[in-house]
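Coordinate-derived values only; no laboratory data. Predicted model, so just to flag it, every value in this text is computed and none were measured. Positions of Cβ are generated from backbone atoms using ideal geometry, with glycine treated the same way; all protein chains shown enter the neighbour counts.
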Amino acid sequence: MEPFRIPPERALAEMLEFGRKLGGGIAALGRTGEIAVGATPREAVYGEDKLTLYHYPPLGPSAGLPPVVICYALVNRPYMMDLQPDRSLIRGLSLAGLDVYLVDWGYPDGADRFLELDDYVNGYLARCIAQVKAARGVPQVNLLGVCQGGTMSLCYAALRPADIANLVLMVTPVDFHTPDNLLSKWARGMDVDRMVAAYGNIPGELLNLTFLSLMPFRLTSQKYAGLADILDDPAQLASFLRMEKWIFDSPDQAGEAFRQFVKWCFQENRLVEGRLELGGRRVDLARITMPVFNVYATQDHLVPPAASLALGGQVGTDDYSTLAFEGGHIGIYVSGRAQKVLPTAIADWLRIRAPGNAEVASLR
């Protein structure tokens, strides 16, 4: 077989074109300025330690449903949910008439070194939900948990089911020992005790490098090689830089909570096996009797579908449904397809389960 050869004139033309794009792109980057994130009007309504609770009022006619409280993961910043106007799950939910609240965990520092998972779930999250219930005058909220925040939401719903009308989960790990879970294989080999002893709080940069190393070509070389093709498009360039800002804006992790999550979930798989305890109480997923909507991504390399779908045999509700999103762990928040599908799907699912809706009876 003859080796593949590129004609010299074609190679030269491509190199010149790449140089032209790169030169123009450097000038475009210089004109970009500060990259702003967040697109939907909001107000801070509660704060405690590093935490801030934000309220996003409905942008469309009110759906008349219990407010939605979004519990995001601890390991990344929650503005991924509201990156820009055309890439915002929060904006989509607000346009559907939902009253949305977002828990922003902030940036832990040395004062937070000994915070436990119980402090986050039965402390901060519980007080945020209490604030929302009091502010809206409602007995229950709709809880939407994202990734690690979904695992925490499962714990909350199992321990305090009376507070939750409906539970929505997005790319949420439940079974941490599925064979295709690359992140779990890495975490199970970690000496987390030594890591916490050395660092105290775990540096966000260290975790970010770990996430990138799981798919190094796609998340580094391939991504930046394609940057030259969008440098002359200000809108695409701004979108790219917003994503880069989010990827590298990684909070440190409170040492004790990180130790517990790695040990209890990744290494010992206590949640799905019914052995996880918070605040001296067992997290029994069978106590989750409210409706559950489990959204997963078919190409997720961080939370494989099997890790999320394991929930189906664990919860105590008869009203359990799933939605498969054709995309990856990040695309489920920011892709164009996600914006068209997910806010409407979540809003419709909640609307059908509104108190007094006759359709609810047919689902059980």
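Summing +1 for each Lys or Arg and -1 for each Asp or Glu among the other residues whose beta-carbon sits under 13 angstrom from that of G274 gives 0.
As a proxy for reagent exposure, L206, L59, L342 were ordered by neighbouring Cβ count within 10 angstrom, fewest first; the result is L206, L59, L342. Taking other C-beta atoms within 10 Å as the exposure proxy, W349, W105 rank W349, W105 from fewest upward.
Measuring between their Cα centroids, the range 92-160 and the range 33-69 lie 13 Å from each other.
Positive contributions from Lys and Arg (+1) and negative ones from Asp and Glu (-1), summed over other residues with Cβ under 13 Å from the Cβ of S88, come out at +3. Among rounded, prolate and oblate, which fits the range 51-155 when a ≥ b ≥ c are the square roots of the eigenvalues of its C-alpha gyration tensor, a/c under 1.5 means rounded, and a/b larger than b/c means prolate? Note, shape of the range 51-155 comes out oblate. Neighbours of A187, meaning other residues whose beta-carbon lies under 12 angstrom from its beta-carbon, give a summed charge of +2 when Lys and Arg score +1 and Asp and Glu score -1.
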